Amino acid sequence: MSDAWVLGRARELIAAVQRTDPAEQRRVTALLDELLEETRRRGEPMLVAQLLRASGLARLVTRGAATEAEPLLDEMLTHTRRHGLALLRADAHALRGRLLMLNEQDDAALTEIARALALLDDVPAPEVHFGRRAWDRMLSSALNDCWIVLNQLGVYEAAEEVISRAHQAIRDSAGPHEITLQLMNRVKMLLGWGLRLERVGRTEEAGEKFRTAASIAIAVEAPFTESLFPRRPDVPAVDQVGMLAASLALAAPAAAHIDRLRRLAREQGYPHEKSLVTIALARCLAADGRTDEAIGTLLEARRTAAEDASQPSMRLNLLRELTVLSGGLGDTDAGGKTDAESGETSAPSLLAEYAAELEAELWSLRESQIATLNTRREHERLSAEHGAITQQAMQDPLTGLPNRRALDERLRTLATSTESDPLSVALVDLDGFKDVNDQHSHAEGDAVLRVVASTLRDALRGDDIVARYGGDEFIVLLPGAAKPAATQALTRAVKAVASLPRHLSHGVTLSVGLVCLRAQESAEEVLSRADAAMYQAKRRGGNQIASGLAGDDGVRQPRPEPVGERGATHSQGTDPTAEAGAHP
């Protein structure tokens, strides 16, 4: 199975898991888990992140399985941060937002979406090895995952901005599946938005949203027939997808829609579309004079909706529809005037007034949520920008390793603390590097430095610190490593560089000076000793490790008081693993 096949199969399974019964959802999730294990064995970071997303998302849309998604999303966030996959890291935050919505933690979900959007506001250029279409598809998926949470929260203006960006991302390269997904998402948003506008009395605007949704539903028909969504051939999309049928019914409620809506209400549909179908069905029943049937339909849906905590705004839409049909928001008298207009203060009129005031307050809170989202988004963006500037100040731009400034700070911290005892310090210099620049080019020399830096980092222990000291010199700090352990780790590095293909290394090798930090020794002093040991390794022919004084084993002993003038000593070595002898 090629990587492309694995990814394509995952996309098919994700499309299927969102519209099937729970037993089939579990089977699909198990298949995605198998693909995830396969990608973990291969170890390609981008592919692993995408399969973590697929497995986590499958659980988010499977009833009762959301808690199983949490460790996968945590792993996805850690993995994408470690490998610098900003786009998929944003998607991890968006999916965490979806999980928090399921747990009724709306404010925390809003924060996760702010973090995701802050990352997406500064999307990096596509990876060189990644095709533009695949990159655009990932960007659109991340934006869609943000959109889902914003739509569930009912902050439709923000949701509209995000879904427009998702459309823009795939405008030039979208296939039928992406087009279908975008159109259906927009229909769902417009229907929810229209219902929300009705609750604050803006019925004309609501009607416009419903009519727009209906026109989009008609446009879905062509791409739907070629999408990845489970479907019946030769059956119109509006007869298979509840939200599309609901859009036509809400735009013009009539008895003609009843049979189709009733059938779709019984079927397993996409998440959150059942409430839309039920409201549309109730309006069509009421338009046909079958109010009692409409109320019964809404009562049944209310019991189902009570189990779903992920879309509070839609639950309120259901309750409002039920209350209106039951006459709970006040009726008109025989002359066409409401109780309030007649000057009466009946219970229904008071209830209607109370409901109107509550809706106005909820609308105000919704606007406050949008302001909160924008504030947090800007805060996250500025924090990321500050972190990037700080990282740049502490990072060598050529190799990506910590630079001299970062090294000095870290070494001073370790030198004044005993928590890292013993602390070994190595100065690494490249043998033959000058010839690379002289015989080839400085660009080739830079490429060699990058290869050696990466090889050093991979050969050493996880907690070891590798920094570029300047030119072709590197410093390695090995906290908690006495000289034997440090020698073993550095020997791996020396052999790894010597074994690099010649077209990558141009034959450079390493001369390493290894010493251990002494009690009360400054950073400058330990680096000076490491430098002297490195020159001893170089004088012995290079491609080896030279150590400090005999007895310099990493245990910090109090320094003796200097007697007279201190002389420098150098170590000698005969092979990469030999420690040098000492001379008085």
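The values are calculated or read from the model by the stated rules, or taken from the named source; none is laboratory data. Every value quoted in this text rests on a predicted model; they were computed, and no experiment measured them. When we count neighbours, we look across all protein chains shown, and the Cβ atoms used for this are built from the backbone with ideal geometry, even at glycine. Remember, those area values only see protein heavy atoms, side chains included, never the ligands or the DNA or RNA. Shrake-Rupley method; radii C 1.70, N 1.55, O 1.52, S 1.80 Å.
Look at Ala166 and say whether it is under 14 Å from Ser140 (Cβ atoms), in contact with a helix residue (DSSP H, G or I) (Cβ under 8 Å, 6 or more places away or on another chain) and among the hydrophobic types (A, V, I, L, M, F, W, C).
yes
Looking for something among the basic types (Lys, Arg), more than 30 Å from Thr323 (Cβ to Cβ) and in contact (Cβ under 8 Å) with a residue 40 or more places away in the chain - is there at least one such residue anywhere in segment 124-132?
Yes, because at least one residue in segment 124-132 is among the basic types (Lys, Arg), more than 30 Å from Thr323 (Cβ to Cβ) and in contact (Cβ under 8 Å) with a residue 40 or more places away in the chain.
Being more than 40 Å from the chain's Cα centre (by Cα) and among the acidic types (Asp, Glu) is true for just one of Asp239, Asp288. Which residue is that?
Asp288
Give me the pairs: first residue in segment 45-67 and without any contact (Cβ under 8 Å) to a residue 40 or more places away in the chain, second residue open to solvent by 10 Å² or more (accessible area, probe 1.4 Å) and small (Gly, Ala, Ser), beta-carbon distance under 9 Å, and six or more apart or on different chains, which are they?
Listed by first residue and then by second, the contacts come to Arg59/Ala66.
Listed here are the residues, each with its yes/no results for (1) in contact (Cβ under 8 Å) with a residue 40 or more places away in the chain; (2) open to solvent by less than 50 Å² (accessible area, probe 1.4 Å); (3) under 18 Å from Ala15 (Cβ atoms).
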site	(1), (2), (3)
Phe229	yes, yes, yes
Val238	no, yes, no
Val241	yes, yes, yes
Ala245	no, yes, no
Ala251	yes, yes, no
His257	no, yes, no
Arg260	no, no, no
Arg266	no, no, no
Lys274	no, no, no
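Checking Ala481 against (1) open to solvent by 10 Å² or more (accessible area, probe 1.4 Å); (2) on the phi < 0 side of the Ramachandran plot; (3) part of a loop (DSSP other than H, G, I, E, B): exactly one of these is not met. Which one?
Unmet for Ala481, out of (1) open to solvent by 10 Å² or more (accessible area, probe 1.4 Å); (2) on the phi < 0 side of the Ramachandran plot; (3) part of a loop (DSSP other than H, G, I, E, B): (1).
List, please: which pairs have Cβ atoms under 8 Å, are six or more places apart or on different chains, and start with a residue in segment 386-409 that is at positive phi and open to solvent by 60 Å² or more (accessible area, probe 1.4 Å) and end with one that is at pLDDT below 70 and assigned to a helix (DSSP H, G or I)?
none
Return yes when Arg186 is among the charged types (D, E, K, R), in contact with a Leu (Cβ under 9 Å, 6 or more places away or on another chain) and modelled with pLDDT of 90 or more and no when it is not.
no
For segment 234-253, how many residues meet the condition of being within 10 Å of Ala213 (Cα to Cα) and polar (S, T, N, Q)?
1
Against the conditions (1) under 29 Å from Glu24 (Cα atoms); (2) open to solvent by less than 50 Å² (accessible area, probe 1.4 Å); (3) of a type outside the set (Gly, Ala, Ser); (4) touching an Asp or Glu at 6+ places or on another chain (Cβ under 8 Å), where does Leu197 fall short? Just the number, please.
Exception for Leu197: condition (1).
Provide a single number: the residues in segment 514-535 that are modelled with pLDDT under 90 and either small (Gly, Ala, Ser) or at positive phi (or both).
Residues meeting the conditions: 4.
Looking at (1) open to solvent by less than 50 Å² (accessible area, probe 1.4 Å); (2) modelled with pLDDT of 95 or more; (3) in a loop (DSSP other than H, G, I, E, B); (4) not acidic (Asp, Glu), find the lone condition where Phe210 falls short.
It is condition (3) that Phe210 fails.
Among the candidates Thr29, Thr111, single out the residue that is free of Cβ contacts under 8 Å to residues at least 60 places away in the same chain and β-branched (Val, Ile, Thr).
Thr29
Can you name every residue in segment 410-432 that is modelled with pLDDT of 85 or more and surrounded by fewer than 18 Cβ atoms within 10 Å (Cβ to Cβ)?
Gly432
So which residues in segment 54-68 are open to solvent by 40 Å² or more (accessible area, probe 1.4 Å) and of a type outside the set (Asp, Glu), if there are any at all?
Arg63, Gly64, Thr67
Tell me, which residue of segment 433-465 that is in a helix (DSSP H, G or I) and among the hydroxyl-bearing types (Ser, Thr, Tyr) is least open to solvent (accessible area, probe 1.4 Å)?
By that ranking, first place goes to Thr455.
With the structure loaded, tell me whether Ile279 is in contact (Cβ under 8 Å) with a residue 24 or more places away in the chain, of a type in the set (Val, Ile, Thr) and not in a loop (DSSP other than H, G, I, E, B) or whether it fails that test.
When the stated conditions are applied, Ile279 passes them.
Of all residues in segment 69-101, which are open to solvent by 50 Å² or more (accessible area, probe 1.4 Å) and modelled with pLDDT under 90?
If the condition is that a residue be open to solvent by 50 Å² or more (accessible area, probe 1.4 Å) and modelled with pLDDT under 90, then Arg81, Arg82, His83, Gly84 are the ones that fit.
Regarding segment 223-232, can at least one residue be identified that is closer than 22 Å to Thr203 by Cα and assigned to a loop (DSSP other than H, G, I, E, B)?
No, that holds for no residue.
Among the residues of segment 555-570, are any modelled with pLDDT of 90 or more and either within 14 Å of Leu427 (Cα to Cα) or of a type in the set (Lys, Arg) (or both)?
Scanning segment 555-570 turns up no residue that is modelled with pLDDT of 90 or more and either within 14 Å of Leu427 (Cα to Cα) or of a type in the set (Lys, Arg) (or both).
Residues checked against (1) within 14 Å of the chain's Cα centre (by Cα); (2) of a type in the set (Val, Ile, Thr); (3) closer than 12 Å to Thr29 by Cβ:
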residue	(1), (2), (3)
Arg42	no, no, no
Met46	yes, no, no
Leu52	yes, no, no
Gly56	yes, no, yes
Leu60	no, no, yes
Asp74	yes, no, no
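Within segment 457-477, take every residue that is at pLDDT 90 or above and among the hydrophobic types (A, V, I, L, M, F, W, C) and give me the one that is nearest to Gly507 (Cα to Cα).
Residue satisfying both the conditions and the ranking: Phe474.
What number of residues in segment 17-53 are among the aliphatic types (A, V, I, L, M) and open to solvent by 30 Å² or more (accessible area, probe 1.4 Å)?
So the count comes out to 3.
Test Ala294 against the criterion of being assigned to a helix (DSSP H, G or I), aliphatic (A, V, I, L, M) and out of contact with any Cys (no Cβ under 9 Å at 6 or more places or on another chain), and give yes or no.
no
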